[in-house]
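Trainee: Once you've had a glance at the structure underneath, I'll fire off some questions.
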Amino acid sequence: MALLEVDDLSVTFARRGQRTVHAVDGVSFSVDTGEVVGLVGESGCGKSVTSLAIMGLLPKQPGLRVGGKAVFDGNDLLQLDDRSRRDIRGRDVAMIFQDPLSSLNPVIPIGLQVTEVLARHRGMKGEAAAKEAADLLDRVGIPDPRRRLKEYPHQLSGGMRQRALIAMAVACQPRLLIADEPTTALDVTIQAQILELLKDLVRDSGTALVMITHDLGVVAGMCDTINVLYAGRVVETATRRPLFRQPRHPYTEGLLGSVPRLDAGRGERLNPIPGSVRDLLPWPDGCAFAPRCARRVDACVGEPPELVLTHDARSYRCVNPVPVPGLTPEADARATAPTTTEPGAVPAQAEPADPPAVPGSGPAPREEETP
Amino acid sequence: MTITGGKKREKIDRLAELSAREDEQGVSLWKEAFRRLRRNPAAIVGVVILAIFVLVAVIGPFLVPYSPTDSIGIREGLVKSGQGIIPGASADHWLGFDHQGRDEFSRLVVGARQTLLVGVVSTLIGLAVGALIGGVAGAAAGLGGRWGRWIDTTLMRFIDMLLAMPSLLLAVSIAALLGASLTTVMIAVGVVSVPIFARLLRGSMIAQANSDYVLAATSLGVKKSKIALTHVVPNSIAPVIVQATLTLATAIIEAAALSFLGLGNPDSAIPEWGVMLADAQPYLGIRPGLAIYPALGIIITALGFTLLGEAMREALDPKLRK
Amino acid sequence: MSDNDILVEVRDLKVHFPIRRGVLFDRTVGHVKAVDGVDLSIPRGKTYGLVGESGCGKSTLGRALLQLTPPTSGEVKFDGVELTTLPAGKLRATRRRMQMIFQDPMSSLDPRQNVESILTEGLQAHGIGANRDDRRRIIGETLDAVGLPKWALSRYPHEFSGGQRQRIGIARALVLGPELIVADEPVSALDVSIQAQVVNLLDELQDSLGLTYLVIAHDLAVVRHISDVVGVMYLGALVEEAPSDRLYTEPLHPYTRALMSAVPVPDPDVEDRRERILLAGDLPSPANPPSGCRFHTRCPWAQPTRCADERPELRQIGASRVACHWAEQIAAGELRPHEVTAKVTRPEDEGEEPGVVSAPSEPGSYV
């Protein structure tokens, strides 16, 4: 059985007089023990909200509704009361955030913040806790850990702060680590250090890792299974190599085509996805990516596409997926001549080389009027 | 991107029309702030309070049933404050008399005008002087150079000195220096708010001067003076306006306090809420209403300004913009 | 290459920011050497890419080149004219020919100006366009060029998405018809799919208008994609400069090698095959840079001689210029990398502005 099984998770924010925002809309994925799972997507795709919902860290506010299940080790995390959730948090499931400075308390020395975790979940005190804390800092590669324990977050560099945060996260040998853009705020050489550190930790301790990032490169080097998110939905799930070699969902393909590669030549044109999430018009129910999609067909409008499962542990939500070379000719035929839709029915503004469409009309996550 | 054919563009334009909200012209920041202000219940309450207050202050004195300076109660023998007889509310005199037999309701209404005058004039004094000092310091700091830094440092040390003095003490000293009068109160209260406006405008101007769009304008080749006028100042005044609204509330309270201490208009014939409060002190045991009415007036008015000011701060805050 | 082909020539450019401290009166207690002696030249119609990590001085270099931050010393020649000594009025007139694109499209657009006013400002400053209609025509053409619709004119920056805002920023630079555009992290604030649109747009504009770019970015892949020549900066100085293909296939400086190996590539095969050169520790403080070669404290190839006490000059090796004493030996495999122990670096406040650089909390606490 999987360590974490997220099933049909949905998060909606409803505010009086405003449209309901579906930040997460039926997200399902699972994480096995010792597995590294990636959640990839651009800003506003719901990847961070997903992790916060699982951890029960979404700010409590009226109108917030979390639905679905997130079963960790037999317990549904979404149903737990605050107390038992706090017990699990930090001990069994730990989280690393993007901005290490704001995640650390600026007026408390690093050492105290680490020993606090040890005291809370492992009941360690005094010299034993201090020694363990120093060992932890040493393990995450902070030089001269004994002295660092007495220092405050602002005295450490960005990379060292992130290491300190990782030390706190792994203090109780959690079985699941959720890292939300852990290296986005860091420079490349420091990013490489932190990624290497995370890889080592996962390999040595058997901790499962959920890696949330916008960077496909980071995912390519780390993750066993990758979930691509768009507008609050998982649009494609696959293991690492198949995903990068043969993306089936047009969004995944578009993302891969958008990234300039270090090993490509100068002047090769990129193939961007036209438009942007925010520019789009309110889209009738159906595939949220359809307005920007070059492979759009009639069937994209109406019902959201069903999850299609294929043989190699891959699934995608698309009615007209990118064909795999050497597959049935019909699929290819359909791909080369996508059926155009009625001009009135579907705003076909998002074709390549189009100027970006209307601003500010329909924010990324699917929205609907509250009655 | 010139490949886009005419037909396609037509389609896009049509879609744009479809999606355009009521504002064809685009929404400026001020417009949007105003729109959010309108949706904020606190702002509505504040505006309603202030509208009533201003209405009373402006046209009230023409409509009051009695003269606020006429000791009508003593003449009619109803009020003998020496013996502790001050009648309360009645059908003719809605809020009763004050200790000199004057109609309390009329005094309260006419006092609103004085209170509004003191609040607005003293805030304007503070705003004008503070904005001048802050603007010069901010411009000097923005221009930089040896001279700019020197001017900025000198002005700001002066402001720091003002700020270091307790505001009431400062106001009392000024009032003592100039002699007790309404003008004194306005000047004293105004001076107290000078450092707030100066620091606020300077800080916000320096922040704007370091912003990317000022750099962008510089790189476009726009003159420094024009950048200051078209970018730095307009973007710096929003917090100052908010502060001015909030300062109106404190100015009214401070002016009342100074009047209460006897530094205001010595001629208690002209009603002013602070003076009325002071006058009511000896009779607190007999007729507490004499103190409660002006106090309530001060509190509600100050609340109105504070509500509106806070709502404006929220509406203008760029961080809260969607 | 004849002299005429060089549009921008920078010689020994230095930008030092004073660190000021004091209770009543500020006094200068030191300098942050944001840019410390950079030579480079950009041929007309080409793209020069500048990469480096935050705090290496690349943004300051870009601004100093445009005279937006006054250089401490050195020369900047633009089309043969020395900019550092140009009187203010002439410099302002010259600005028409060299423009800038900023990283954060939101903060670089005045929130109180609508798009038309943003685009007109530069035209008015330089007296371009005879009247309002004429200016509108120029603006309309520019909007077309960057792929923004006409109705954008009356709208305000906050009504656009990130990608569109960046297009407005590009239009503002383009409307003056410049020859040089300095783009400071033009895509790093944008989403991946939008990044590609903007990169393509920059490419297209260069082709159609013959623009010269100086692209400053931390993203090596983006820089390599749009640059003809790439310069790598470390602590205020160029450590290597090479044609972009060559820089990738044959990085000569140890820092370039480390940087290249650190960039994640969205390809599992490449990721699995590659050997990362992990640098130990963090970037040293530019207020107190290491002696000799500035990279020697983190360099896996650092040698006991020369590296710590002799600052390497940029030397021509093949088509590259490299500032490393041992570049040839490292390239030939004669020197092997060794373990480097990380040293603690105190963080500077972010940004390179003089006012915000804080002095170390305890003097001499830099290790």
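The values are calculated or read from the model by the stated rules, or taken from the named source; none is laboratory data. Here the structure is a predicted model, which means the values were calculated and not measured. Cβ coordinates were reconstructed from backbone atoms using ideal geometry, including for glycine residues, and neighbour counts include every protein chain displayed. Calculation scope for accessible area: heavy atoms of the full protein, side chains included, ligands and nucleic acids excluded. Shrake-Rupley method; radii C 1.70, N 1.55, O 1.52, S 1.80 Å.
Trainee: Can you tell me which of B:181-192, B:150-161 comes out highest on packing, and rank the rest after it, using the mean Cβ neighbours within 10 Å?
Mentor: B:181-192, B:150-161
Trainee: Report relative contact order for chain C in percent, whole number only (criteria: Cα-Cα under 8 Å, sequence separation at least 6).
Mentor: For chain C, the relative contact order is 19 percent.
Trainee: Answer rounded, prolate or oblate for region C:251-345, using the Cα gyration tensor with square roots of eigenvalues a ≥ b ≥ c: rounded when a/c is under 1.5, else prolate when a/b is larger than b/c, else oblate.
Mentor: Here region C:251-345 falls in the oblate category.
Trainee: Mind checking the angle between helix C:162-174 and chain C's longest principal axis? C-alpha axes, 0 to 90 degrees, to the nearest 10.
Mentor: Approximately 80 degrees, to the nearest 10.
Trainee: Evaluate the relative contact order of chain B (contact order divided by residue number), counting alpha-carbon pairs under 8 angstrom at least 6 apart; express in whole percent.
Mentor: Dividing the mean separation by the residue count of chain B yields 23 percent.
Trainee: What's the buried accessible area, both sides, between C and B using a 1.4 Å probe, rounded to 100 Å²? Could the numbers behind the result be given before it?
Mentor: Working: alone 18250 and 17800 Å², together 32800 Å².
That pair hides around 3300 Å² of surface in total.
Trainee: Round to the nearest 0.05 the FRET efficiency obtained for residue B:30 and residue C:124 when R0 = 22 Å and r is the Cβ-Cβ distance.
Mentor: On the way: r = 23 Å, r/R0 = 1.03.
E(calc), rounded to 0.05, equals 0.45.
Trainee: Separate question: Within a 10 angstrom radius of each residue's Cβ in C:145-153, how many Cβ atoms of other chains show up on average? Whole number is fine.
Mentor: Partner Cβ neighbours, averaged per residue: 5.
Trainee: Relative contact order, percent, of region A:98-173 when contacts are C-alpha pairs under 8 Å separated by at least 6 residues?
Mentor: This gives 45 percent for region A:98-173.
Trainee: Compute for chains C and A the buried accessible surface, both sides summed, probe 1.4 Å, and express it in Å² to the nearest 100.
Mentor: Protein heavy atoms only, the C-A interface buries about 5200 Å².
Trainee: Here is a follow-up. Leaving ligands, DNA and RNA out of it, report the carbon-plus-sulfur percent of the accessible area of region A:98-173 at a 1.4 Å probe.
Mentor: 55 percent
Trainee: Give the separation of the Cα centroids, region C:30-101 to region C:170-243, in Å.
Mentor: Centre-to-centre (Cα) distance: 15 Å.
Trainee: Hand me the trypsin sites (Lys or Arg not before Pro) from region C:196-267 located in a DSSP loop with no more than 13 other Cβ atoms within 10 Å, in residue order please. Kindly include the intermediate steps, with their values, before the conclusion.
Mentor: Values: sites: C:224, C:246, C:257; in loops: none.
Nothing satisfies the criteria.
Trainee: Calculate the dipole size of region C:251-345 relative to its Cα centre from +1 charges on Lys and Arg beta carbons and -1 charges on Asp and Glu beta carbons; express the result in debye to the nearest 20.
Mentor: My answer is approximately 280 debye.
Trainee: Just checking the output field for C:106-116: average partner chain Cβ neighbours within 10 Å of each residue's Cβ? Spell out each step's value before the answer.
Mentor: Numbers: counts 3, 6, 8, 3, 14, 8, 9, 8, 4, 1, 1.
Across C:106-116, the average partner-chain Cβ count within 10 Å equals 6.
Trainee: Also: Decide, for chain B, between rounded, prolate and oblate: order the square roots of the alpha carbon gyration tensor eigenvalues as a ≥ b ≥ c, take rounded if a/c falls under 1.5, and otherwise choose prolate if a/b is larger than b/c, else oblate.
Mentor: Oblate, since a/c reaches 1.5 and b/c is not below a/b.
Trainee: Per residue of the protein assembly as shown, what 222 nm ellipticity follows from adding -39500 (n - 2.57) for every DSSP H run with n ≥ 4, rounded to the nearest 500? Working shown, then result.
Mentor: On the way: 36 runs with 448 residues, N = 1060.
Result for the protein assembly as shown: -13000 deg cm²/dmol, rounded to the nearest 500.
Trainee: Averaged over its residues, how many other protein chain Cβ atoms are within 10 Å of peptide A:190-197's Cβ atoms?
Mentor: Mean shielding by partner chains, rounded to a whole number: 5.
Trainee: Could the peptides B:302-313, C:295-306 be put in order, highest first, of the mean number of other beta-carbon atoms found within 10 Å of their residues?
Mentor: Ranked by mean Cβ neighbours within 10 Å, highest first: B:302-313, C:295-306.
Trainee: Here's a follow-up. Between region A:67-123 and region B:102-120, how many Å separate their Cα centres?
Mentor: Region A:67-123 and region B:102-120 have Cα centres separated by 59 Å.
Trainee: In Å², rounded to the nearest 100, what is the total accessible surface buried by chains A and B against each other with a 1.4 Å probe?
Mentor: 900 Å²
Trainee: In degrees between 0 and 90, to the nearest 10, how far off the longest principal axis of chain C does helix C:192-209 point, with axes built from Cα atoms?
Mentor: 70 degrees
Trainee: Then there is this: Dipole size in debye (nearest 20) for region A:98-173 around its Cα centre, Lys and Arg Cβ +1, Asp and Glu Cβ -1? List each step's numbers first, then the result.
Mentor: Working: 11 positive and 8 negative charges, 17 e Å.
The calculated dipole for region A:98-173 is roughly 80 debye.
Trainee: Something else: How far apart, in nanometres, would the label points at residue C:85 and residue B:51 be if each is projected 7 angstrom from Cα along the Cα-to-Cβ direction?
Mentor: Label-label distance for residue C:85 and residue B:51, simple model: 6.8 nm.
Trainee: Which one of C:212, C:85, C:120 has the biggest mean-square fluctuation once chain C is modelled by GNM with Cα springs under 10 Å?
Mentor: Residue with maximal mean-square fluctuation among C:212, C:85, C:120: C:85.
Trainee: Rounded to the nearest Å, what's the spacing between the alpha carbon centres of region A:153-221 and region B:122-155? Just the number, please.
Mentor: Each part reduced to its Cα centre gives a spacing of 47 Å.
Trainee: Return the FRET efficiency for the residue pair residue C:339, residue C:291: r is the Cβ-Cβ distance, R0 is 22 Å, and the value is rounded to the nearest 0.05. Please list the in-between numbers first.
Mentor: On the way: r = 22 Å, r/R0 = 0.98.
Taking R0 as 22 Å, the efficiency between residue C:339 and residue C:291 is 0.55.
Trainee: Give, in nm to one decimal, the length gained when the segment between residue B:165 and residue B:183 is fully stretched (0.36 nm per residue of separation minus the Cα-Cα distance).
Mentor: Net length gain for the segment: 4.4 nm.
Trainee: Let me know the shape class of region B:166-322, please: from the alpha-carbon gyration tensor, a ≥ b ≥ c as square roots of the eigenvalues, rounded when a/c is under 1.5, otherwise prolate if a/b is greater than b/c, or oblate.
Mentor: Working: a/c = 4.39, a/b = 2.24, b/c = 1.96.
Note, shape of region B:166-322 comes out prolate.
Trainee: Now a separate question. Heavy-atom accessible area per residue, chain B, 1.4 Å probe: how many Å²?
Mentor: 49 Å²
Trainee: In addition: Over chain B, what percent of the accessible surface lies on carbon and sulfur atoms, probe 1.4 Å?
Mentor: 68 percent
Trainee: Enter the accessible area per residue of region A:98-173 (Å², integer; probe 1.4 Å; all protein chains in place).
Mentor: Each residue of region A:98-173 exposes 45 Å² on average to a 1.4 Å probe.
Trainee: Picking from B:282, B:294, B:239, which is most flexible by a Gaussian network model of chain B using Cα springs under 10 Å?
Mentor: Maximum among the listed residues: B:282.
Trainee: Collect residues whose amide H, placed 1.01 Å from N in the peptide plane, falls under 5 Å from the amide H of residue C:237; neighbours closer than 5 in sequence don't count.
Mentor: HN-HN under 5 Å from residue C:237: C:36.
Trainee: Kindly express, to the nearest 10 degrees and within the range 0 to 90, the angle between helix B:29-39's C-alpha long axis and the longest C-alpha principal axis of chain B.
Mentor: The angle comes out near 50 degrees.
Trainee: Suppose R0 equals 30 Å; then what is the FRET efficiency for residue A:73 and residue A:138 from their Cβ-Cβ distance, rounded to the nearest 0.05?
Mentor: Efficiency, rounded to the nearest 0.05: 0.50.
Trainee: What order do you get for A:98-104, A:59-65, A:166-172 when each peptide is scored by the mean count of other beta carbon atoms within 10 Å, highest first? Please report the intermediate quantities before stating the final value.
Mentor: Details: A:98-104: 17.9, A:59-65: 9.7, A:166-172: 23.9.
Going by the mean number of other Cβ atoms within 10 Å, highest first, we get A:166-172, A:98-104, A:59-65.
Trainee: How large is the Kirkwood hydrodynamic radius of the protein assembly as shown, counting all unique pairs of alpha carbons, in Å?
Mentor: For the protein assembly as shown, inverting the mean 1/r across all distinct Cα pairs yields 33.0 Å.
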